[in-house]
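Data block below; observations after.
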Amino acid sequence: MRKVAWVAWIIYIFGILYFVLPLFGTFIFSLQKSRGVLSLSAYQSAFADPKFLETFLFSNVMAVCTIIVSLLLVVPTAYWVQLRVPSWRPAVEFVTLLPFVIPAIVLVFGLIKTFGRPVTIFGVPVFPALTTSALSTDFLLVMAYVVLSLPYMYRAVDNGLRAMDVRVLTEAAQSLGAGWGTILWRIIIPNLRSALLSGALLTFAIVVGELTIATFLARPAFGPYLALLGNHKAYEPAALTIISFALTWLAMGLIDLVTRGSKRGPLTGAH
Amino acid sequence: MAFLELTNVRKVFPNAQTPAVEDFNLNVNAGEFVSFLGPSGCGKTTTLRMIAGFETATSGSIVMDGRDITPIRPNQRNIGMVFQSYALFPNMNVADNIGFGLKVGGKSKPEIKERVGEMLALIKLEELGNRYPYQLSGGQQQRVALARAIAIRPQLLLLDEPLSALDAKIRLSLRNEIRSIQRQLGITTVYVTHDQEEALSLSDRVVVMNRGLIEQVGPPFEIYNFPTTEFVASFVGTLNLLKVKVIDPATGAIQVDGQTFFTGRPLVNHAAGETAQIALRPGIVQSRQHGARR
Ligand SMILES: Nc1ncnc2c1ncn2[C@@H]1O[C@H](COP(=O)(O)OP(=O)(O)O)[C@@H](O)[C@H]1O
Ligand SMILES: [Mg+2]
């Protein structure tokens, strides 16, 4: 018993060191821009570059758009699968996991190849090339991000749905006269609050740091900026890494706060 | 004309070998309290869900208030429903749960408030309007669910094993409360249960079901004392089944172990000398000093 506890503690501490040491090293490094003293000058210089704010803002806008599209796509789909065709769940789950199997580089080349020229179906033009203007490329970028966020978003929503008795709640609402819109908006979504939030925050974290797709679609996103900065500067990328870690942790703290706040007893009573 | 008429209703689920419900014919009168009673899996819930509109009958018709409701969507039927698992909306407090149907129906705020107050008084939970479902006991939750279902003044109230998740003591008191509220409002009610005591004590009429078929329909007294099938006889109440020899069908005379008894009713479909089976309820046998007349 005691021996096992000892081993567990050692593994635990080793794990923490493995995770924390590089981060701590990066943090110390980011403070050493001025020779001989610890200072925040790397942070000052990172913030001073207008490109920082520009790309960070761009990526935030993309993230918000991605979250909106992803929610609109995933919530009704997962709800419908759970309610009407639960036997499809494994298939749908498999589709949502594809981004783990298909590398982002493959996805982005597929997108460029498909949407980089006017799209036709049997020779009939459907819509023009999407890579010709900034706005339509951003649209393509958001769509690609929606795909990347699917595994996280679908899982979060699906878990949230499983925590309530979707079918009985739906039927109770229907018997009271509610239509689909009312059911989704007044009952399903409010009870999914913490699931939606965690899905949204994960999506946010992915989009803001994403490199491959933004690079190949040549959009001024935060990921490519960070990579570029790393090529010719030493301390600033370290500072930015620490900042993005801090943002992620803030996000995770928010998730924790919200989930804890909504931990209520049995959702629909005994079964 | 009955208020609710089910005619030749049949339901076969996709990929199922046997129908879940078959040959279902039943007329329910306005204001009547009818129970579906039967073992688990006999098709009670399926029948109830077809009335509510959550399942579509494979064939047959369901007519409510003179109107075929088969093509009407469940949210347009104005039928109240109470579920075994209460199904209260966890994100709303008691008052909002009760008022949900009224709000969806476009009622004004003061109107909703008044009706919710009435309902809270009806279920004797006036103080708990601001509580959330998770802050209530099972019995309280089910009362709120009942209030929510009747707040919209439905034409028909359906209850699917509403007491099964509760413990025995609350089950008994809530059972009486449901019945008294039903009487007070005069609302036509269909009540599903596998508990014979519930069905017999609550209902104007009981529909005994087995394997998707109706075995017998009748008032509790008839179901209990004059079961028409062996299934009903054995499912309802405690029974002692005895093999007897029929002596005289006209007077109801039978012989058990060389002793002659009288059933008190003529025995139709039996001839003298035939072996038959009788079902005895405990408590109905009387013994006398002289002679053994029933
Ligand atoms: N959605 C469904 N799909 C397939 N079979 C079902 C479905 N719902 C119920 N059944 C079957 O129909 C029969 C009747 O079920 P049900 O009406 O729920 O019985 P009860 O409520 O009397 O316990 C059972 O054999 C059950 O397995
Ligand atoms: Mg049932």
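What to note about this one:
- Carbon and sulfur %, accessible surface of the range B:4-226 computed with the full protein complex present, 1.4 Å: 46
- All other residues whose Cβ lies under 13 angstrom from that of B:G273 are scored, Lys and Arg at +1 and Asp and Glu at -1, for a net of -1.
- Lysine pair count for the range B:4-226 (Cα-Cα distance under 28 Å; residues 8 or more apart in sequence or on different chains): 8.
- Computed from backbone phi, the HN-Hα couplings of the range A:236-248 come to 4, x, 4, 4, 5, 4, 4, 4, 5, 4, 4, 5, 4 Hz, rounded to whole numbers (Karplus: 6.51 cos²θ - 1.76 cosθ + 1.60, θ = phi - 60°; Gly and Pro given as x).
- Under-5 Å amide H pairs with A:V119, H placed in peptide plane, nonlocal only: A:V126, A:F127, A:A129
- In this structure, the amide hydrogen of B:M209, modeled 1.01 Å from its nitrogen in the peptide plane, lies closer than 5 angstrom to those of B:L37, B:G38, B:E215, counting only residues at least 5 positions away or on a different chain.
- Given charges at beta-carbon only (K, R positive; D, E negative), |dipole| of the range A:54-261 in Debye: 280
- For chain A, the square roots of the Cα gyration tensor eigenvalues, ordered a ≥ b ≥ c, give a/c of at least 1.5 with a/b no greater than b/c, which places it in the oblate category.
- Vicinal HN-Hα couplings computed from phi for the range B:127-136 (Karplus, 6.51 cos²θ - 1.76 cosθ + 1.60; Hz; Gly/Pro x): 7, 9, x, 8, 6, 9, x, 5, 8, 10
- Taken across both chains, chains A and B shield about 2400 Å² of accessible surface from a 1.4 Å probe.
- Debye, to nearest 20: dipole size of chain B, +1 on Lys, Arg Cβ, -1 on Asp, Glu Cβ: 400
- Sequence of A:D138, A:D49 from largest to smallest accessible area, 1.4 Å probe: A:D49, A:D138
- Most mobile of B:V104, B:V232, B:V28 in a GNM of chain B (Cα contacts under 10 Å): B:V104
- Length-normalised contact order for chain B - Cα pairs under 8 Å, 6+ apart - percent: 19
- Neighbour net charge for A:F56 - beta-carbon separation under 15 angstrom, K R +1, D E -1: -2
- About the Cα centre, charge dipole magnitude for the protein assembly as shown (Lys/Arg +1, Asp/Glu -1 at Cβ), debye: 860
- Shielding by partners - mean other protein chain Cβ count within 10 Å, residues of A:190-198: 1
- Taking all protein chains into account, the per residue accessible area for the range A:1-151 stands at 66 Å² (1.4 Å probe).
- Accessible area in square angstrom per residue, chain B, 1.4 angstrom probe: 48
- Within the accessible area of the range B:238-280, the carbon and sulfur atoms contribute 54%, probe 1.4 Å, all protein chains present.
- Scanning residues 5 or more positions from B:V244 or on other chains, those with amide H under 5 Å from its amide H are B:A276, B:Q277, B:I278, with H placed 1.01 Å from N in the peptide plane.
- Average partner coverage of B:128-136, which counts Cβ from other chains inside 10 Å: 2
- Furthest towards positive pole of dipole, B:N27, A:V75, A:M252, structure part the protein assembly as shown, Cβ charges: A:M252
- Cα-projected label distance for B:N176 with A:L57, points at 7 Å along beta-carbon direction, nm: 7.2
- Neighbouring partner chain Cβ atoms per residue of B:79-85, average, 10 Å criterion: 5
- Summary value for chain A: 27 percent relative contact order, contacts being C-alpha pairs under 8 angstrom separated by 6+ residues.
- With every protein chain in place, chain A: carbon and sulfur % of accessible area (1.4 Å): 74
- In Hz, Karplus ³J(HN,Hα) per residue of the range B:221-230 (6.51, -1.76, 1.60; θ = phi - 60°; x = Gly, Pro): 4, 5, 4, 6, 8, 10, x, 9, 10, 4
- Of B:A199, B:A168, B:A233, the one that fluctuates the most in a GNM where chain B has Cα springs shorter than 10 Å: B:A168
The values are calculated or read from the model by the stated rules, or taken from the named source; none is laboratory data. In this text, all values refer to a predicted model and were calculated from it rather than measured experimentally. Cβ: placed from backbone, ideal geometry, glycine included. Neighbour counts: every protein chain shown. For the accessible areas, the whole protein counts, side chains as well, though only heavy atoms, and no ligand, DNA or RNA atoms are used. Shrake-Rupley method; radii C 1.70, N 1.55, O 1.52, S 1.80 Å.
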